[in-house]
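Here the structure is laid out as structure tokens; the discussion comes afterwards.
The values are calculated or read from the model by the stated rules, or taken from the named source; none is laboratory data. If you're wondering where the values come from, they're calculated on a predicted model, not measured in any experiment. Cβ placement follows ideal geometry from the backbone for every residue including glycine, while neighbour counts extend to all protein chains displayed.
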Amino acid sequence: MGPAPHAPVRAFAAERLFRRAVRDLPVRIVLAGGERLGAGGTGTPLMRVERPDAFFHRLGADAKIGFGEAYMAGDWSSPDPAALLTPFAERMSTLVPAPLQHARHWVERRQPAAERGTRPGARSNIARHYDLSNDVFAAFLDETMTYSGGWFFPGDDLAAAQRRKIDGVLDLAHVGSGTNLLEIGTGWGSLAIRAAERGAVVTTVTLSAEQQRLARERVAAAGVSDRVDVLLCDYRDVTGRYDAVVSVEMIEAVGHEFWPTYFSALDRLLVPGGRVGLQAITMPHSRMRATRNSYTWIHKYIFPGGLIPSVRAIDTAVTRCTGLVPTGRRFFGDGYAETLRQWRERFLRGWEELARLGFDERFRRMWEFYLAYSEAGFRAGYLDVGQFGFLEPGGK
């Protein structure tokens, strides 16, 4: 099947918009044939567009997906894609002219109904990312196997930053000896293991069969199987009452439609006087509202069904749907940028082993773009990450 009849028109329009968007950006863009775009000089981030026709065709077909797909296909490259993408992220709200932003809801693709955060949708969404292969994640995560932003102090390596992050969220929830703890979103078990080492009895839930398998192995190797139970379970189906609930970067997968359900579950599962430790990636409220129904490259290739909340959205959901009282919060977006930088370096260093497992060059470029794109968001301040503490009133 050939291109749609209107494809050349859309490609032409996309090229004009791209040229306008990069005109004042501090980047160097070199098109095949030697034409140069952007306002950057020597030493500024470089983008080489090897196949301009294909690049603009993809942008014209769907700009929010086509830019990343063009990288996956090799239409463009950069010696440092995170540095290149940071100026784009810094001007995210103004790259597209205001009249076109207002018209976007008429032309943008919406997230597929099958990727909503219903029980079956959530299971499918999580499986598409986390059941990919534990080997992929082991290739770039540090020894803690922690897949969330680290909290760095000067001199920290990645593992130290991850351990500080884990202790930070456990501290917000007052997890210690005798705490009956629920974790929503197991990962590969690092937080559950650390909580057990602090004396807690832990129930941790995940929707990923691959994560459950490896988390159980790691719990056993740490010698805390008697204090940690790893369940394959939706957060909505958890029963019982707990002294503390912690959840690290799981809310991003819930979807805004189900944020009230998620926070109501935290409220329901706590005993009076119980505490919550929550870690969440956040974005500006205005951008969250403008993009919450959009279908993007990240949805298509990395995290189907997800949405990053704003701090205001978290506060609103807690106020409207729970009796929880805020007890404290901290932010360390710069630490997430450093985490992603190190993940990308480790991923590329370990690529040969993944290639031997059957992953192809397109997969490599997909993950490289994902990690660089995310790093750019944090470096630009477009994204942040925070830890939030809450208290269930009524305890002694």
Would it be correct to say that Met283 is touching a strand residue (DSSP E or B) at 6+ places or on another chain (Cβ under 9 Å) and over 25 Å from Thr146 (Cα atoms)? no
Given the condition in contact with a helix residue (DSSP H, G or I) (Cβ under 7 Å, 6 or more places away or on another chain), at pLDDT 80 or above, part of a loop (DSSP other than H, G, I, E, B) and not acidic (Asp, Glu), answer yes or no: does some residue in segment 120-137 qualify? no
Any idea which residue in segment 27-49 is nearest to the chain's Cα centre (by Cα), counting only those that are surrounded by 15 or more Cβ atoms within 10 Å (Cβ to Cβ) and in a loop (DSSP other than H, G, I, E, B)? Pro45
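How many residues are in contact with a Ser or Thr (Cβ under 7 Å, 6 or more places away or on another chain) and surrounded by fewer than 17 Cβ atoms within 10 Å (Cβ to Cβ) when one looks only at segment 212-247?
Let us first name the residues in segment 212-247 that are in contact with a Ser or Thr (Cβ under 7 Å, 6 or more places away or on another chain), namely 212, 215, 219, 228-232, 236, 243-244.
When the remaining residues are screened for being surrounded by fewer than 17 Cβ atoms within 10 Å (Cβ to Cβ), the result is 229, 231-232, 236.
Residues meeting the conditions: 4.
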What are the residues in segment 251-309 that are crowded, with 19+ Cβ neighbours inside 10 Å and in a strand (DSSP E or B), if any? Leu270, Gly274, Arg275, Val276, Gly277, Leu278, Gln279, Ala280, Ile281, Thr282
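May I ask you to say which residue of Asp243, Asp229, Asp315, Asp237 is touching a Leu at 6+ places or on another chain (Cβ under 9 Å), among the acidic types (Asp, Glu) and closer than 28 Å to Gly176 by Cα? Walk me through how you get there before you give the answer.
Details: Asp229 fails: touching a Leu at 6+ places or on another chain (Cβ under 9 Å); Asp315 fails: touching a Leu at 6+ places or on another chain (Cβ under 9 Å); Asp237 fails: touching a Leu at 6+ places or on another chain (Cβ under 9 Å).
Result: Asp243 is the single residue among Asp243, Asp229, Asp315, Asp237 that is touching a Leu at 6+ places or on another chain (Cβ under 9 Å), among the acidic types (Asp, Glu) and closer than 28 Å to Gly176 by Cα.
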If Glu217 meets every condition in (1) touching a residue at least 12 places away in the same chain (Cβ under 8 Å); (2) not in a loop (DSSP other than H, G, I, E, B) apart from one, which number is that one? (1)
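For segment 382-393, state whether one or more residues are among the hydrophobic types (A, V, I, L, M, F, W, C) and in a helix (DSSP H, G or I).
Step one: list which residues in segment 382-393 are among the hydrophobic types (A, V, I, L, M, F, W, C), which gives 383, 385, 388, 390-391.
Retained after the next criterion (residues that are in a helix (DSSP H, G or I)): none.
Among the residues of segment 382-393, not one is among the hydrophobic types (A, V, I, L, M, F, W, C) and in a helix (DSSP H, G or I), which makes the answer no.
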Within the bounds of segment 193-209, is there any residue that is at pLDDT below 95, closer than 26 Å to Arg341 by Cβ and either surrounded by fewer than 22 Cβ atoms within 10 Å (Cβ to Cβ) or not β-branched (Val, Ile, Thr) (or both)? yes
Might you check whether a residue that is surrounded by fewer than 17 Cβ atoms within 10 Å (Cβ to Cβ) and more than 22 Å from Gly74 (Cα to Cα) occurs anywhere in segment 342-354? no
The listed residue being modelled with pLDDT of 95 or more and in the same structural domain as Arg123 (by TED's automatic domain parsing), out of Thr322, Thr296: Thr322
